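Since the structure comes first, as structure tokens, the remarks are kept for the end.
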Amino acid sequence: MVVEISNRQQLLLPDQGMKELFEEIVRKTLAYENLEEDYEVSLSLVTAEEIRELNHQYRGKDRATDVLSFPADQQFQPEEEKMLGDIIISTEAVIEQAEEYEHTIEREMAYLFIHGLLHLLGYDHMDTKSKETMREAEEKILNQMEITRN
């Protein structure tokens with residue numbers, strides 16, 4: 001299992017602890033989905049301006065967001081794909097949302113990474129049922145990792 005991190009911002013500098021957190025999230029998420037660990041994911045930490053540009057370019061929404069996911073393939077096929085895709089997280093959103101929801105930066109970063117990872121694995125939240133399913137998976141993985149809201 002490989003997590004490639006590209007840092008294109010200066011607010012939250014990734015260190016070894018952050019890399020280990022992301023790797024553990026991938027392990028726990030793959031285990032939750034009963035998948036082997038031999039997958040790769042790319043993570044980019046970016047500014048609000050960069051994620052706004054990407055959101056506009058790829059989704060037609062000219063506003064910043066917290067996380068974007070770009071699957072390597074349109075439909076995840078566990079026996080075929082080894083590169084899951086790219087996750088892009090705005091560190092400005094991480095800091096703002098951690099403050100807004102009154103929890104740690106680590107918890108917000110973990111939540112957004114899990115959210116993005118689940119998108120790469122085919123989850124979505126286009127309707128109430130799929131949103132509930134995705135939220136349940138996010139919370140179960142966070143709880144397994146003992147990453148709580150406070």
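The single condition among (1) more than 13 Å from L121 (Cα to Cα); (2) among the β-branched types (V, I, T); (3) assigned to a helix (DSSP H, G or I) that V3 does not satisfy is (3).
Given the criteria under 25 Å from M1 (Cα atoms), modelled with pLDDT of 95 or more and not charged (D, E, K, R), does H56 qualify? So H56 fails the test. Annotation: N55 fulfils all but one of (1) touching a helix residue (DSSP H, G or I) at 6+ places or on another chain (Cβ under 7 Å); (2) free of Cβ contacts under 8 Å to residues at least 40 places away in the same chain; (3) closer than 24 Å to L13 by Cβ; the unmet one is (1).
Yes/no per residue for (1) part of a helix (DSSP H, G or I); (2) surrounded by 13 or more Cβ atoms within 10 Å (Cβ to Cβ); (3) at pLDDT 95 or above:
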residue	(1), (2), (3)
I88	no, yes, yes
Y111	yes, yes, yes
L118	yes, yes, yes
T133	yes, yes, yes
K140	yes, yes, yes
N150	no, no, no
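Within the range 43-59, does at least one residue satisfy the condition of being within 19 Å of E138 (Cβ to Cβ) and within 16 Å of the chain's Cα centre (by Cα)? Within the range 43-59 (the criterion being within 19 Å of E138 (Cβ to Cβ) and within 16 Å of the chain's Cα centre (by Cα)), the answer is yes, since at least one residue qualifies.
Scanning the range 6-52 for residues that are part of a loop (DSSP other than H, G, I, E, B), in contact (Cβ under 8 Å) with a residue 40 or more places away in the chain and within 21 Å of I105 (Cα to Cα) returns R8, Q9, L11, L12, T47. When you look at R107, is it touching a residue at least 24 places away in the same chain (Cβ under 8 Å), in a helix (DSSP H, G or I) and not hydrophobic (A, V, I, L, M, F, W, C), yes or no? So R107 passes the test. Restrict the check to the range 70-84 and report whether at least one residue is in contact with a helix residue (DSSP H, G or I) (Cβ under 6 Å, 6 or more places away or on another chain) and modelled with pLDDT of 95 or more. No.
The values are calculated or read from the model by the stated rules, or taken from the named source; none is laboratory data. Everything numeric in this text was worked out from a predicted model, so none of it was measured. Neighbour counts are summed over all protein chains in view; Cβ atoms, including those assigned to glycine, are modelled from backbone coordinates with ideal geometry.
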